[in-house]
Amino acid sequence: MLTKEQIAKRIAKEVKNGQYINLGIGIPTLVANYISKNLDVVLQSENGLLGIGPFPTEDKVDPDLINAGKQTITMVPGSALFNSAESFAMIRGGHVHLTILGAMEVSENGDIANWKIPGKMVKGMGGAMDLVASAKNIIVAMQHCSKDGQSKLLAECTLPITGIKCVKKIVSDLAVLEISPNGGFILKERAPGVSVEEIRSKTAGKILIEGEIPEMTFE
Amino acid sequence: MINKTVKNAAEAVADIPSHCMLMMGGFGLSGIPENCIQALLERPISGLTIVSNNAGVDDFGIGLLLKKRMVKKMISSYVGENAEFERQLLSGELEVDLIPQGTLAERVRAGGAGIPAFFTPAGVGTEVATGKEIREFDGKLYLMERWLRADFSIVKAWKGDTAGNLIFKGTARNFNPMMAAAGKICIAEVEELVEAGELDPNQIHTPGIYVQRIFQGVNYEKRIEQRTVSH
């Protein structure tokens, strides 16, 4: 089983040179730590920044400079600041190449649920609905099963949907899977030490397994 | 130049009545109108509908107005981090419209720009689309969203001049420029107020036409929600 850091590290391998990328809160934020220094990419923060840098040192903390998770950040050289309407114009306009976000559930046709648990959690969707409705490539970072062992990769989502038919790829603590255009989770890679059988048994939706499934690597 | 200055926050918010529609700039606690929020707490008003991306935290920002039961309804995109908010919501004391963040920003922008409705892909196939017109454009589905306008909008800028021109700093800009335009009366509080002519016109983010009242705020706390540092 992968740790959160390992999930982030594996997702970082999906990043390509020249991409503008939006990272969601949680594991996706960690991806920034593992993107190869040889790649030139720009991280977008939907409150209004292109060019998120590392967390500041104590003396450089600025309350007027935060990311979408409200964490204090810095800007890299060449950054741009703008208002939130402009920010979502670039998201909806298809200018952001890659969106990485967390999920509570994903369905076999690529629906994602990650914003609400009726009766329990009422925090709101933030920018997630705009992002999943617009991004060309959406990768989800998630735990394969809930704490009580229920699969979160389902035939259909049970929680309120954030967006439909939008997820392209999932990196869970057990596997890398792609959503088939015809429906179904295509198993691409196994986490080290995790068997195809275990992944199959923990995936409630339709899983497609063809040939040898390689163990994932991180470099 | 038309002079927009008022003395302070108390004067700026003195005529805001109960049951009106109010926009407040800010993302999290960044770029929120701290002075006007304090001044509103002194006013005997309630039943406010507040458009703001977030609802502050328990003891700061809009959270203070919630605690005093001055708010009837919030129109927001993300309201975590506020236990009092959650309590009022679950008990039915507070109404909430949760709106995708980009849709919220664009609805406010549209309000200020005189565009009564627009189509967006955000929320198609979700409960956000309930009751809304859906149309297909070039093979993809979009839903119609209406503009948002307010009786008053309250924004916070870094610098401003007596003509109402505003410059924002960092990510504290967020919803402030769109809200300035979408309020019938826009109140701007700034960290530094200068005479008209002292700001470089090339650098203005919000032109003074949108701003009706401006003053220099005092004692900014600028509280940080998530203080993250590297060593």
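Laboratory data are not the source of any read-out in this text; all were calculated from the coordinates shown. This one's a predicted model, so the numbers in the text were calculated from it and none came from an experiment. Glycine gets a Cβ as well: all are built from the backbone with ideal geometry, and neighbour counts include every protein chain shown.
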Residue-count net charge about B:Gly102 - beta-carbon cut-off 9 Å; Lys, Arg +1, Asp, Glu -1: -2
Residue pairs, from the table A:Lys123/B:Lys222; A:Lys4/A:Lys202; A:Lys116/A:Lys147; A:Lys136/B:Lys222; B:Lys73/B:Lys184, whose Cα atoms sit over 29 Å apart: A:Lys136/B:Lys222
The range A:213-219 - phi-based ³J(HN,Hα) in whole Hz, Karplus 6.51/-1.76/1.60, Gly and Pro as x: 9, x, 7, 6, 10, 10, 9
Could you work out the local net charge near B:Leu66, counting Lys and Arg as +1, Asp and Glu as -1, over the other residues with Cβ closer than 13 Å to its Cβ? -1
Spin-label pair A:Val41/A:Met1, simplified geometry with 7 Å Cα→Cβ offset, distance in nm: 2.6 nm
Explain nothing, just the number: relative contact order of the range A:4-208, from Cα pairs under 8 Å at least 6 residues apart, as a whole percent. 18 percent
Evaluate the Debye formula for the protein assembly as shown with equal point scatterers sitting on the alpha carbons, no solvent, and hand back log10 of I(q)/I(0) at q = 0.11 Å⁻¹, in q order, two decimals. -0.86
Can you list the GluC sites (Glu not before Pro) in the range B:9-44 that are in a DSSP coil and have 16 or fewer other beta carbons within 10 angstrom? B:Glu42
Neighbour counts of other C-beta atoms within 10 Å: give me B:His19, B:His205 arranged from fewest to most. B:His19, B:His205
Charge sum, other residues only, whose C-beta stays under 12 Å from A:Ala113's C-beta, Lys/Arg counted +1 and Asp/Glu -1: -2
